[in-house]
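Nothing in this text is a laboratory measurement; each read-out follows from the coordinates by a stated rule. A quick note: this is a predicted structure, and the numbers were derived from the prediction, not measured. Reconstructed Cβ throughout: ideal geometry from the backbone, glycine too, with neighbour counts over all protein chains shown.
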Amino acid sequence: MATATEQWVLVEMVQALYEAPAYHLILEGILILWIIRLLFSKTYKLQERSDLTVKEKEELIEEWQPEPLVPLVPKDHPALNYNIVSGPPSHKIVVNGKECINFASFNFLGLLDNPRVKAAALASLKKYGVGTCGPRGFYGTFDVHLDLEDRLAKFMKTEEAIIYSYGFATIASAIPAYSKRGDIVFVDRAACFAIQKGLQASRSDIKLFKHNDMADLERLLKEQEIEDQKNPRKARVTRRFIVVEGLYMNTGTICPLPELVKLKYKYKARIFLEESLSFGVLGEHGRGVTEHYGINIDDIDLISANMENALASIGGFCCGRSFVIDHQRLSGQGYCFSASLPPLLAGAAIEALNIMEENPGIFAVLKEKCRQIHKALQGISGLKVVGEPLSPAFHLQLEESTGSREQDVRLLQEIVDQCMNRSIALTQARYLEKEEKCLPPPSIRVVVTVEQTEEELDRAASTIKEVAQAVLL
Amino acid sequence: MRPEPGGCCCRRTGRPNGCVANGEVRNGYVRSSAAAAAAAAAAAGQIHHVTQNGGLYKRPFNEAFEETPMLVAVLTYVGYGVLTLFGYLRDFLRYWRIEKCHHATEREEQKDFVSLYQDFENFYTRNLYMRIRDNWNRPICSVPGARVDIMERQSHDYNWSFKYTGNIIKGVINMGSYNYLGFARNTGSCQEAAAKVLEEYGAGVCSTRQEIGNLDKHEELEELVARFLGVEAAMAYGMGFATNSMNIPALVGKGCLILSDELNHASLVLGARLSGATIRIFKHNNMQSLEKLLKDAIVYGQPRTRRPWKKILILVEGIYSMEGSIVRLPEVIALKKKYKAYLYLDEAHSIGALGPTGRGVVEYFGLDPEDVDVMMGTFTKSFGASGGYIGGKKELIDYLRTHSHSAVYATSLSPPVVEQIITSMKCIMGQDGTSLGKECVQQLAENTRYFRRRLKEMGFIIYGNEDSPVVPLMLYMPAKIGAFGREMLKRNIGVVVVGFPATPIIESRARFCLSAAHTKEILDTALKEIDEVGDLLQLKYSRHRLVPLLDRPFDETTYEETED
């Protein structure tokens, strides 16, 4: 029965088709064709809808005038004319033809012109030549690289270390290796430029907290926790990181690591610690801020530092647990895509580590010197000392800004120049003013090294004092 | 131009199989007599294809990419399919602890943290890369010259960990290092000069260029680099990768447009991203694609706001390190002039390696360095040192001296490294009073032609330009990546093999880098062994159907990326 009914319906349909008026059929036909056209036609771009003729386009192209590739730099730009250093930039430094005592290079342990370091580098040079001619993956891994990684891991008492061929690229590559789009990074406002670039490359959400202000950090972490409770599914895949420096390059202050570790476990955020200034400086054996506070190094997920300051070589390293570090061997851009560290620089770094291990007393000496000059520089009218007494690099800022950054910079430069004339080499801390997230105020950076004698430290302090008084009053 | 997990060098979206397209003249540049000639050549079964391009080229430009044979492509996909299936199986076994887990794990205390990296991100690493991991990171313990000593290592747990046996595999022929001119040496004038500077200056600098790390040596180097390149001024940086990633942001920013070749190196990609400019990508070395992007950019302006672009910067490389192709510089320059764009040329692989006196791709085509706005290159390869440079007009360099991220925040070049560059560069320029440098450049060019010709004759599929010292040999199948690397090492030849994600998934390859230090005898030994391994692994895929690069069709899909 059912089939008979269906057949009847079909017949009826065909009959209706015959009986329908012609205009009806044509209309329906057109509609069907229209639908087909809409289905199959190419989607158009909005751009191409503009009715510009070829000639108009040509005119537009003719008309367009780009900005110059770079704006002209005024001849008197404060950063255009570099100081020229003749000879080695060690304890005694010849700047623009004038011999000075160096209070500007980050050669904290005086290893730059250490004969043992030089001999080790020379031995490497004689064995391997200068360059490596390849990235680590493609025959650019030398036995010295493996040795150095081993030694760094042992020195820091971590499972593994990985070396980069450029200090800046170390933390800047390490952060985006882990932190991806959608992840959240809590970072100190005073964080150095390399960290800022690493964060930018990671494209994560960045939350800035006030410099060394744990209450502010906790506030942000709490806010995030509340946010997470609203959307637990998202929270389950959102990694959280806290990025801090051991000693801050921009302020000379030390991070409150014990509190940070507490917050880490409370809010389940990983800590990345950048130790370029504190490695080889803080702690009884120079292991940095973890040793200074007596914190288990495994509580810090990743430590990165460059080998360009205390170790007086070039390059940088990250260390931590293998679970963390090994990931960079395929994901650290500056590691995978760059030629490896010249072996002579790795050789120099190994010997520098040897020296650090053999003379742990050196760190106490450095600390004592820092304290000495820190104390001696107090109470200069017009200048204030910014930074911890134990930091070998700290800042001298104007007590009162003149109101314009340009003018401040000029005043400080005047002090630097006059000190230079009196054989004390100093430098202003340089920043890219437009690029910095939170631009620090202009300052003179004073660097203490173990090579500076007590007498030289006193002389430097009194010179700065006298010059500052002459310039600022 | 997307971030790649475990990426190795460069990347592109799939390559369309080439075919000879219509012979119309487009924009007066391309494909006039060329297409007709190609069609005739294809019909006659000939291999060579010479592009004339309306007299823009002063020399023949022979560059070809043979089409992947269909059967090979299918088998390659099947190979990856099998690998993936086994990967899932083994992950399953690992999950249920039937198979032992070798990889490092999270600390007990932090098990409840959000996992540091997603497990599936590492699927490829765990199940594919790990099987053939012994082909990479082979540690060496000698100069990376024509022959190299490799430390023998063994793995007892299927490449999860390596043990060094203490043996050294001596005198392995080095076809992997970027030692184009043979300056990676531990004897001779360069080493002596570097040693002297090392003893005087020490290894490090401990400061930045703008603070107090600007040594007289750096000034000397920059003056020399400018002379070498034939530009007004130059600046040198401590790392080649960072030269790109830290200087492009100084040149362009928001409201600017970057047109980037799809196969550009990761450092250029990173620099472009960090700059905040809009990035658009053109097909590899495809001038029609580039011209269309240029034209559209100027006509339509910025998306949404419709403001005109502030400036347009074209990013290209001299030699593409995975493809062995040479940039079509005469056409790029013609386009750049026509559309008033700026040109950033990365000569990482081409400086020293191309041109009659080693001045790079500009000299190779007989062009004027003035026409390239930003000349960038590295010292790692041809000069046997490390670091990078940027050369150009005085205004450009003045601007970079004040605004380059590198100059302000990064430690300057190590003095002995600087000295190595100075000495090797002077040698190439003939300023050391010998013709040694010139001979090296010629030797490299000869080696390149010879090695490429012989490989092609053997029936391998070889990509790239006939003058490019980077020689990719196609392997295609994943199993052959590992097999080729191991078989070659067994025969005392060190080669570089690369697969996904450094290349498209089916286009795995081996890459040889020629050097002036390779003697005829070394090359012949290498060729003999490659021939043998080629037969053993059935790698001789070539059917002599070369598809000229230009004749590949391109579709108009471009993806765009904006950063803020």
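Here are some notes:
- FRET efficiency for the B:Arg486 to B:Asp216 pair, using the beta carbon distance and R₀ = 41 Å, is estimated at 0.25.
- Note on the range A:385-445 and the range B:356-388: Cα centroid distance 39 Å, given to the nearest whole angstrom.
- With a simple spin-label model that places each label point 7 Å from the Cα along the Cα-to-Cβ direction, the separation between A:Glu225 and B:Leu85 comes to 5.0 nm.
- With respect to chain A, whose longest principal axis is taken over its alpha-carbon atoms, helix A:22-40 is tilted by about 20°.
- Per-residue ellipticity at 222 nm from helix content only, as computed over the protein assembly as shown with -39500 (n - 2.57) for each DSSP H run of at least four residues, stands at -12500 deg cm²/dmol.
- For the range B:189-429, the equivalent ellipsoid built from the Cα gyration tensor has semi-axes of 32, 20, 14 Å, listed from largest to smallest.
- Among the listed pairs B:Lys196/B:Lys381; A:Lys230/B:Lys100; A:Lys437/B:Lys283; A:Lys234/B:Lys311, those beyond 32 Å (Cα-Cα): A:Lys230/B:Lys100; A:Lys437/B:Lys283; A:Lys234/B:Lys311
- Screening chain B for whole DSSP H helices of 24 Å or more along their axis (Cα) with average Kyte-Doolittle hydropathy at least 1.0 returns B:70-95.
- 3J(HN,Hα) along the range A:304-314: 10, 7, 9, 9, 9, 9, 5, 6, 6, 10, 10 Hz, from the Karplus curve 6.51 cos²θ - 1.76 cosθ + 1.60 with θ = phi - 60°, whole Hz, x for Gly and Pro.
- Relative exposure of A:Tyr23, B:Tyr80, B:Tyr450, judged by other C-beta atoms within 10 Å (fewest first): A:Tyr23, B:Tyr450, B:Tyr80
- For the pair A:Arg236 and A:Arg203, the difference between a 0.36 nm per residue extended length and the Cα-Cα distance amounts to 10.0 nm.
- Label-point separation, B:Thr357 to A:Trp8 (7 Å along Cα→Cβ), nm: 10.0 nm
- More than 48 Å apart - percent of Cα-Cα pairs taken over chain B: 10 percent
- Straightening the chain between A:Arg181 and A:Glu58 buys 40.2 nm, computed as 0.36 nm per residue apart minus the Cα-Cα spacing.
- Computing FRET efficiency as 1/(1 + (r/R0)^6) for B:Leu75 and B:Ser161, where r is the C-beta to C-beta distance and R0 is 35 Å, gives about 0.65.
- Compared with the alpha-carbon gap, the fully stretched path from A:Tyr265 to A:Glu28 is longer by 78.3 nm at 0.36 nm per residue.
- Reducing the range B:135-194 and the range B:435-473 to their Cα centroids gives an inter-centroid distance of 22 Å.
- Reported value for the range B:259-346: 84 Å³ per residue, from the convex hull of its C-alpha atoms.
- Per-residue HN-Hα couplings for the range A:436-444 [Karplus 6.51, -1.76, 1.60; θ = phi - 60°; Hz; x = Gly/Pro]: 5, 5, 10, 5, x, x, x, 7, 9
- The ranking of A:Ser124, A:Ser423, B:Ser155 by Cβ neighbour count inside 10 Å, starting from the fewest, reads B:Ser155, A:Ser423, A:Ser124.
- Helix axis angle, A:454-472 relative to chain A longest principal axis, alpha carbon, degrees: 70 degrees
- Using a Förster distance of 56 Å, the FRET efficiency for B:Glu232-A:Glu284 (Cβ separation, nearest 0.05): 0.60
- Residue-averaged beta-carbon neighbours from other chains (10 angstrom radius) around A:432-438: 3
- Sequence-separation-based contact order of the range A:1-152, relative, with Cα cut under 8 Å and 6+ spacing, percent: 7 percent
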